[in-house]
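The values are calculated or read from the model by the stated rules, or taken from the named source; none is laboratory data. On a predicted model such as this, the values are computed, not experimentally measured, just so you know. Ideal geometry is used to build each Cβ from the backbone, glycine not excepted, and the neighbour counts take in all protein chains shown. Protein only, heavy atoms only, side chains kept; ligands, DNA and RNA dropped before computing areas. Shrake-Rupley method; radii C 1.70, N 1.55, O 1.52, S 1.80 Å.
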Amino acid sequence: RNEGGIRWLKRLAAWLPVVDAYGAWVRAVARAAVDDGIRPDWIISSSPPESSHMVAMKLAEELGARWAADFRDPWTAGIYRRTPTLLHRHWHESRERKVIEQADLVIATTEELAKDFRERYPKQPQDKVVNLPNGFDPEEFSEVAAEPKPSKILRLIHAGNLTLDRDISSLLEAMGRINRDGVLCRLELAGQVAPRIACQVRELGLEEAVTISGYISRPELLSRLAKAHVGVLVE
């Protein structure tokens, strides 16, 4: 996807009566799902993007299916969304309220978010909102090395996309200083990486120290995470 185009769409969508920059797909996806002839007992939608809930709402109404709305992040109570005016905020709150009221089940990844929903929507059954924390399958790690082998070179890895507003300039600049007299620190970027970050790597002369792997299989990624000394998380 074009990073600049997505950023422009997000700024535009903030002013329009749409839940997010991907709102244009709602009707098309709902229509395609109906045309497929599938008649599910349950539909699950997960956000962000919040437009996934709009798709599920339409399908649940048309197909008579039950609907579970999963929130990996807050909607109106989150810190990442900034509405341009109070009117826009009220509009998003009305959409969130409709999702909470019409869904048969509301799933929150944290107990704090589940509590927030219960408090702000007291007329809804308290057991309608459940906390389902992120988890993992222990069997995936049964054959993964427990710790990295000793090495004079510090190995770092970032697993995930580095696009849009995610920035690692400070990390790259620090690596440039550390590796001035030779490679003492290596960084692997596993996932989609914005072109600007690849340019920064070249400008700082870090081609030998920074590896951009792109997408790799999950088993291989787990193996590389285990072999690294440090896993990097970019907020």
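The rows are residues; the columns are (1) of a type in the set (Gly, Ala, Ser); (2) on the phi > 0 side of the Ramachandran plot; (3) at pLDDT below 95.
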position: Arg196; (1), (2), (3): no, no, yes
position: Leu206; (1), (2), (3): no, no, no
position: Thr211; (1), (2), (3): no, no, no
position: Gly214; (1), (2), (3): yes, yes, yes
position: Arg218; (1), (2), (3): no, no, yes
position: Ser223; (1), (2), (3): yes, no, yes
position: Ala226; (1), (2), (3): yes, no, yes
position: His229; (1), (2), (3): no, no, yes
position: Glu235; (1), (2), (3): no, no, yes
TODO: Tell me, yes or no, whether segment 135-152 has at least one residue that is aromatic (Phe, Trp, Tyr), open to solvent by 60 Å² or more (accessible area, probe 1.4 Å) and within 22 Å of the chain's Cα centre (by Cα).
DONE: yes
- [ ] Filter segment 32-48 down to the residues that are open to solvent by 40 Å² or more (accessible area, probe 1.4 Å) and β-branched (Val, Ile, Thr), then identify the one that is farthest from Ala108 (Cα to Cα).
- [x] Ile38
TODO: Hey, can you tell me all the residues within segment 1-16 that are at pLDDT 85 or above and open to solvent by less than 40 Å² (accessible area, probe 1.4 Å)?
DONE: Ala13, Ala14
TODO: Please work out if Ser51 is buried (at least 20 other Cβ atoms within 10 Å of the Cβ), within 17 Å of the chain's Cα centre (by Cα) and within 21 Å of Glu96 (Cβ to Cβ).
DONE: yes
TODO: Could you please give the count of residues in segment 175-192 that are open to solvent by 30 Å² or more (accessible area, probe 1.4 Å) and in contact with a strand residue (DSSP E or B) (Cβ under 9 Å, 6 or more places away or on another chain)?
DONE: 5
Task: Pairs with Cβ under 6 Å, 6+ apart, first in segment 195-215 and of a type in the set (D, E, K, R), second outside any helix (DSSP H, G or I) - done: Glu208/Val183
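Are there helices (runs of 4 or more DSSP H) fully within segment 117-230 with at least 1 residues that are farther than 30 Å from Leu9 by Cα? List them. I'd like the intermediate steps shown before the answer.
On the way: elements: 169-178, 195-203, 218-227.
Qualifying helices (runs of 4 or more DSSP H): 169-178, 218-227.
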Task: Condition check for Val234: touching a residue at least 24 places away in the same chain (Cβ under 8 Å), closer than 30 Å to Glu96 by Cα, in a strand (DSSP E or B) and in contact with a strand residue (DSSP E or B) (Cβ under 7 Å, 6 or more places away or on another chain) - done: no
Open item on the list: Report every pair of residues separated by at least 6 positions or lying on different chains whose Cβ atoms are under 6 Å apart, first residue within segment 148-167 and touching a residue at least 24 places away in the same chain (Cβ under 8 Å), second surrounded by fewer than 16 Cβ atoms within 10 Å (Cβ to Cβ) and polar (S, T, N, Q).
Closed with: Asn161/Gln192; Thr163/Gln192
Open item on the list: Taking the conditions exactly as written (of a type in the set (Lys, Arg), surrounded by 15 or more Cβ atoms within 10 Å (Cβ to Cβ) and within 23 Å of the chain's Cα centre (by Cα)), does Arg81 satisfy them or not?
Closed with: yes
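What about Val29, is it within 29 Å of Val193 (Cα to Cα), in contact (Cβ under 8 Å) with a residue 12 or more places away in the chain and open to solvent by less than 30 Å² (accessible area, probe 1.4 Å)?
Numbers: within 29 Å of Val193 (Cα to Cα): yes; in contact (Cβ under 8 Å) with a residue 12 or more places away in the chain: yes; open to solvent by less than 30 Å² (accessible area, probe 1.4 Å): no.
For Val29, the condition - within 29 Å of Val193 (Cα to Cα), in contact (Cβ under 8 Å) with a residue 12 or more places away in the chain and open to solvent by less than 30 Å² (accessible area, probe 1.4 Å) - is not met.
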